[in-house]
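Input: a single structure, listed below in structure tokens.
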Amino acid sequence: MTQRQAALVRFDDASINWRQLGEFEHFHYTIIDVDPDNEIADFALRFVPGERIFLHRHRAHTNTTVVQGEHRIYEPAGDLREVRPQGSYTSAPAATDPHAEGGGADGAIVVYQTRGSADGVVFDVLDDAHNVVGTLGVGDLAQLFELQGRRPGA
């Protein structure tokens, strides 16, 4: 297979039961696995084309792999910070800098692997003034996985 042919291969996510997280818009999730005792959570997000999600910050070491499309990272003011193409892998420690994420013109599917937390918190959800308005923790991700019947993609 040539590099050009490899770029045209699409990930078939038709059998994944993508779920909406509360009232949050522009993405859907599926939990792959959660180990609450060791604070490990693996999940995938499917981003809507050309949109971005809420402002947040990562409170856990996070590895990402872009399975399909472009993963876009935005500054709090909305400026595009970074574009991660299909096949890219990023490993980043917990950080206090807020950002938003989204998909490119064709959307994106990104696998996240989080390791550790800040007192159980994996993500802070922020308002426009960078105030914490919600959190998502290892326990929350474990509950979401339970709702899936502890089956990846279910």
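The values are calculated or read from the model by the stated rules, or taken from the named source; none is laboratory data. Keep in mind it's a predicted model, so treat the numbers as computed, not measured. Using ideal geometry, Cβ is built from the backbone for each residue, glycine included, and neighbour counts are taken over all protein chains shown.
Things to note:
- Which numbered condition Asp12 fails, given (1) of a type in the set (Asp, Glu); (2) under 12 Å from the mean Cα position of the chain (by Cα); (3) farther than 20 Å from Ser117 by Cα: (2)
- Apart from one condition, Ala154 fits all of (1) modelled with pLDDT of 95 or more; (2) touching a Ser or Thr at 6+ places or on another chain (Cβ under 9 Å); (3) among the aliphatic types (A, V, I, L, M); the exception is (1).
- Residues that are within 13 Å of Ala108 (Cβ to Cβ) and either among the basic types (Lys, Arg) or touching a helix residue (DSSP H, G or I) at 6+ places or on another chain (Cβ under 7 Å) (or both) within the stretch 76-85 comprise just one, Arg84.
- Test: Asp128 is closer than 21 Å to Leu21 by Cα, of a type in the set (Asp, Glu) and assigned to a loop (DSSP other than H, G, I, E, B): yes
- Tally of residues being assigned to a loop (DSSP other than H, G, I, E, B), among the acidic types (Asp, Glu) and free of Cβ contacts under 8 Å to residues at least 12 places away in the same chain across the stretch 15-51: 1
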